[in-house]
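Structure record follows, encoded as structure tokens.
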Amino acid sequence: MTSSSDRSPAVDVHSTRTYEIRTYGCQMNVHDSERLAGLLEEAGYVRAPEGTGEGEADVVVFNTCAVRENADNRLYGNLGRLAPKKARRPGMQIAVGGCLAQKDRDTIVKKAPWVDVVFGTHNIGKLPVLLERARVQQEAQVEIAESLETFPSTLPTRRESAYAAWVSISVGCNNTCTFCIVPALRGKEKDRRPGDILAEIEALVAEGVSEITLLGQNVNAYGSDIGDREAFSKLLRACGRIEGLERVRFTSPHPRDFTDDVIAAMAETPNVMPQLHMPLQSGSDTVLKAMRRSYRQERYLGIIRKVREAIPDAAITTDIIVGFPGETEADFEQTLHVVREARFAQAFTFQYSKRPGTPAAEMDGQVPKEVVQQRYERLVALQEEISWEENKKQVGRTLELMVAEGEGRKDDATRRLSGRAPDNRLVHFTRPEEPVRPGDVVTVRVTYAAPHHLLAEGPVLNVRRTRAGDAWERRNAQEQQKKQGVMLGLPKVGVPEPLPVATGGGCGCD
């Protein structure tokens with residue numbers, strides 16, 4: 001194992017080499033990819049222009065996810081397509097990191113010997129030096145640390161957004177959910193010191209960031225590693241005292257650790273947004289027990305009731321797995337019951353799929369695919385109906401939106417812009433006459449509701465130019481200069497995805 005002192009070899013040989021990062025999985029992987037980009041740029045690489053064809057970047061990094069049953073097939077398929085391109089370009093390098101790399105280690109190089117670097121979830125800071133070593137030694141470098149070497153937030157970052165940022169408060173997970181392999185790959189929970197977290201947030205706000213999302217695989221268990229059961233609620237309240245920080249969100253909490261002091265902190269801290277993503281996974285006590293989820297239906301619905309009493313306008317979203325081994329029709333009906341009672345604004349619904357290495361994969365009572373599909377369709381239909389009904393309640397309301405970039409795929413065609421309400425609902429609004437930048441705040445009146453978005457078709461009532469918009473403008477100008485100077489394309493700039501990426505069954509980070 002090499003020492004951490006050789007983390008970042010800034011060598012001129014890389015000054016014109018381009019990189020591409022392909023990210024799969026949860027927000028932890030998205031945030032890790034921002035760190036990988038920062039490390040590569042610190043070492044002299046430049047981001048490949050937008051529209052660069054597959055295999056045309058000098059370095060291609062796969063930041064992998066291990067939660068899907070066919071995750072390895074997907075990776076090896078992508079690697080296979082790159083093999084002939086790499087053969088034609090001797091200087092090209094391929095690196096594989098993330099959860100699948102942590103899990104499969106030497107298997108990746110055996111199956112795809114053209115891969116140059118394999119690194120794990122605990123040593124992402126080693127990527128530049130491993131690439132350099134592979135280049136010099138002309139052989140694959142496989143380095144998998146068994147425990148965290150450097151907390152990711154201490155590494156350089158190339159953030160995807162100028163006005164919104166992830167802030168990691170912990171890594172790892174102490175839960176033992178039977179469907180999840182992530183704790184085995186990310187390790188036990190390790191918390192950052194509160195002072196370090198707040199210092200990072202203050203630095204981001206000084207750069208112009210106005211929205212942060214606190215990130216942890218079990219975010220509200222924060223404090224268990226440092227011996228303070230109320231550490232998370234204290235952290236939320238501390239965020240409320242940071243001048244210039246307009247919006248605070250967090251993902252994803254676990255019902256087991258969702259205590260009354262957290263609800264009070266959410267309700268009493270003005271910049272903590274009225275939004276909660278809290279995974280349910282199943283409404284059946286029997287299934288929850290088999291999943292080793294340490295709560296039951298009554299506990300879950302009790303939390304929902306308390307949140308709504310304290311924050312009446314809160315939008316609550318969730319994750320649900322359909323077809324877990326042993327799930328009966330009666331169990332599934334209990335899930336539908338919770339969905340009706342909780343009235344989620346949105347639910348990320350997944351059909352259970354086996355994950356090699358998890359206890360659930362070996363359980364009796366695997367539910368037939370056709371039964372899972374039928375239950376899944378019933379659940380989606382019910383949730384679509386509820387989402388639409390809940391969104392219709394927003395019609396006529398006046399909302400403050402933070403203008404986003406990349407959220408509305410049809411914005412150019414419809415002459416609209418898009419933004420996020422405080423409760424994180426997506427709203428498309430009429431483009432005002434005056435210039436509006438991502439990160440600015442507009443006031444609109446909602447005129448129409450669809451199941452997954454709202455429309456504000458009348459004139460914008462107010463535009464507030466913000467320091468976040470200034471930051472986006474500065475960054476955009478800098479990227480334009482880079483484009484003219486070294487023929488680089490603009491990267492995608494946008495607010496971090498507010499909810500977990502669909503992973504075929506919930507990544508187990510909650």
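Values quoted throughout were computed directly from the atomic coordinates according to the rules given, and no laboratory measurement underlies them. Please read these numbers as outputs of a predicted model, since none were measured by experiment. Quick reminder, even Gly has a Cβ in these numbers, built from the backbone with ideal geometry, and neighbours come from all protein chains shown.
At full extension, Asp261 and Arg105 could sit 52.0 nm farther apart than now, given 0.36 nm per residue minus the alpha carbon distance. Take every DSSP beta bridge whose two residues both sit in the chain; close to 30 percent of them are antiparallel. Shown here for region 309-361: trypsin sites (Lys or Arg not before Pro) in loop regions (DSSP other than H, G, I, E, B) with at most 12 other Cβ atoms within 10 Å, of which there are none. Computed from the Cβ-Cβ distance with R0 of 30 Å, the FRET efficiency linking Glu139 to Lys190 stands at 0.40. Listed by chain and number, the aspartates and glutamates whose alpha-carbon sits under 19 Å from that of Lys369, ignoring those within fewer than 8 places in the same chain, are Glu69, Glu327, Glu329, Asp331, Glu333, Glu377. Measuring r between the beta carbons of Val395 and His337 and using R0 = 22 Å, the FRET efficiency lands at 0.20. With a/c under 1.5 counting as rounded, go ahead and sort region 247-289 into rounded, prolate or oblate using the C-alpha gyration tensor (a ≥ b ≥ c being the square roots of the eigenvalues; past the cut-off, prolate if a/b is larger than b/c, else oblate). It is prolate, given that a/c is not under 1.5 and a/b is the larger ratio. Shape class for region 25-124, computed from the alpha carbon gyration tensor (a ≥ b ≥ c): oblate, with a/c not under 1.5 and a/b at or below b/c. The modelled label-to-label distance for the pair Asp313/Ala381, using points 7 Å beyond Cα in the direction of Cβ, is 3.5 nm. Only Lys, Arg, Asp and Glu carry charge here, each on its Cβ (+1 for the first two, -1 for the last two); on that basis the chain has a dipole of about 620 debye about its Cα centre. When the Cα positions of Ala83, Ala413, Pro312 are compared along the charge dipole of the chain, Ala83 comes out farthest toward the positive end, with charges on each C-beta of Lys, Arg, Asp and Glu. Since only Ala43, Val248, Pro356 are under comparison, the one whose Cα sits farthest along the positive direction of the charge dipole of the chain, derived from C-beta charges on Lys, Arg, Asp and Glu, is Ala43.
For Asn73 and Glu457, the difference between the fully extended length at 0.36 nm per residue and the C-alpha to C-alpha distance is 133.7 nm.
Tally Lys/Arg at +1 and Asp/Glu at -1 over every other residue whose Cβ is under 13 Å from the Cβ of Ala203; what's the total?
Surrounding charge for Ala203 is -3.
Across all directions, the average projected area of the convex hull around the alpha carbons of region 240-343 is 6.6 nm².
For region 298-303, 3J(HN,Hα) computed residue by residue from phi via the Karplus equation (6.51, -1.76, 1.60; θ = phi - 60°) reads 4, 4, 4, 5, x, 5 Hz, glycine and proline entered as x. Adding -39500 (n - 2.57) for every DSSP H run of four residues or longer, then dividing by how many residues the chain holds, sets the calculated 222 nm ellipticity at -10500 deg cm²/dmol.
Its Cα centre serving as origin, region 196-329 has a Cβ charge dipole (Lys and Arg +1, Asp and Glu -1) of approximately 500 debye.
Listed options for Rg and Dmax of the Cα atoms in Å are (1) 22.9, 65; (2) 22.4, 83; (3) 21.5, 72. The value calculated from this structure is the one marked (1). For region 312-326, backbone phi angles converted through the Karplus equation (6.51, -1.76, 1.60; θ = phi - 60°) give residue-by-residue couplings of x, 8, 5, 9, 10, 10, 7, 10, 9, 9, 9, x, 4, x, x Hz, Gly and Pro being listed as x. When the square roots of the Cα gyration tensor eigenvalues are ordered a ≥ b ≥ c, the ratio a/c for region 85-227 is 1.5 or more and a/b does not exceed b/c, which makes its shape oblate.
Count neighbours as other Cβ atoms within 10 Å of each site's Cβ, and list the GluC sites (Glu not before Pro) in region 397-443 that are DSSP loop with at most 15 such neighbours. Loop-located and lightly packed - Glu433. In summary, region 72-133 shows an alpha-carbon radius of gyration equal to 1.08 times the 2.2 N^0.38 Å reference for compact globular proteins.
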